[in-house]
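Notes for the one structure printed next.
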Amino acid sequence: MSQKPLPPTPLAGITYVIPPDDYLLSGRDGRVAILWQNNPPVPLLDEDHTALDGAGRPDYDMVGRGIYQALRLNPECAGAAWYAAVLKDAYPHIISELGGQIIMLEAREVDTPYIDRKINFLKIMALLDPDNAGLQLEIGRGYVDKGSRLSSLQDAVNSWYSAEKHLKMALALDPDDRTAGYEYGETLYVLGRYQQAAEIWSGLIPLLEPGERARVEARIAGILAGKLPMVPPLDYLTALSVAVEQHGNGFSDDAAAIITDVLADPVFAAQFPLNEVYYLLGTCYQEAGLMAEAAEAFKRS
């Protein structure tokens, strides 16, 4: 029994068209000839859809622009694998531009919207090269970065679970990658899966340099000795996101109370870099007129 195709994913600025059965995507002086029959609808920019001829046959440039934008907006949209295959076969200049964008984003410190963009670009590359462990590793690390930033903690739950998913894929593709193994264990730890983290880290020990080995063995020993945060670290990150929201709404006292509750857990406070959190706490104290407390918090930021 044939499976019913998924409906197209709604995307801002994109209109989908179903071309005629005999529609042939052609271009590059005859070097591209792809029969579209029985494949997902063609995503087009709204302005290209408006300019489409009455026969409903988008030209080569229209299809390239539409696919690239659709994948940039959502590289997990319905039909993404087909769209990526079309890019790979028919649009080498777009693939080259995509690689250049990733290199540019890696070369500088970026804010959260740029992390999202980089993750999406990497996901497109992973569609083109699904067996590339390094791409899955970089996607996972992007999510870890996003899930650790004070400015994007409202997305911490999705970020850390997404990191776990992609780092697990990276490790499955390359079991000897010690970076992927360590970071996968870290995501399990943040999610509160401490024994699983210890098992992953234990398997890494033969691959590590002496300094790295000592650090990992200390983490494992802490787990086995029960020296753990009182709640999963992800819960604390979620609480801190509430503190950020409360501060933004003008409730500095409430934000400070949440932050001090989180920092009262010595294990969590010792294991996670919290400079931004102490700065936020200092700001809350300052706004509440508690200048001595503010000075102490700023000193630790």
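At-a-glance table
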read-out: Label corresponding to percent of Cα pairs over 33 Å apart when calculated from the structure given, among (1) 41; (2) 18; (3) 23; value: (1)
read-out: Sites Arg215 and Thr238 - FRET efficiency at Förster radius 35 Å, r taken between beta-carbons, to 0.05; value: 0.85
read-out: Calculated FRET value between Thr50 and Glu106, using beta carbons and R₀ = 41 Å, to 0.05; value: 0.65
read-out: Which listed pairs, of Lys88/Lys165; Lys165/Lys227; Lys123/Lys146; Lys168/Lys227, have C-alpha distances above 18 Å, in listed order; value: Lys88/Lys165; Lys165/Lys227; Lys168/Lys227
read-out: Region 14-80: radius of gyration and largest Cα-Cα distance (Dmax), Å; value: 11.4, 31
read-out: Gained length - Asp59 relative to Ala33, 0.36 nm times residue gap less alpha-carbon distance; value: 8.2 nm
read-out: Simple label model, 7 Å out from Cα along Cβ direction - Glu287 to Met230, nm; value: 2.5 nm
read-out: Acute angle (nearest 10 degrees) that the helix 133-148 long axis makes with the longest principal axis of the chain, alpha-carbon atoms; value: 50 degrees
read-out: Length added when fully stretched, Leu128-Ser96, from 0.36 nm per residue minus Cα-Cα; value: 10.3 nm
read-out: Highest-fluctuation residue, Tyr60, Tyr236, Tyr194 considered, GNM on the chain with Cα pairs under 10 Å; value: Tyr60
read-out: Förster radius 45 Å - calculated FRET efficiency between Asp89 and Ser301, Cβ distance, rounded to 0.05; value: 0.30
read-out: Residue order, fewest to most surrounding Cβ atoms within 10 angstrom, among Ser301, Ser252; value: Ser301, Ser252
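Laboratory data are not the source of any read-out in this text; all were calculated from the coordinates shown. Worth saying up front: this structure is predicted, and the values here are computed from it rather than measured. Glycine also receives a Cβ, built like all others from the backbone with ideal geometry; neighbour counts cover every protein chain displayed.
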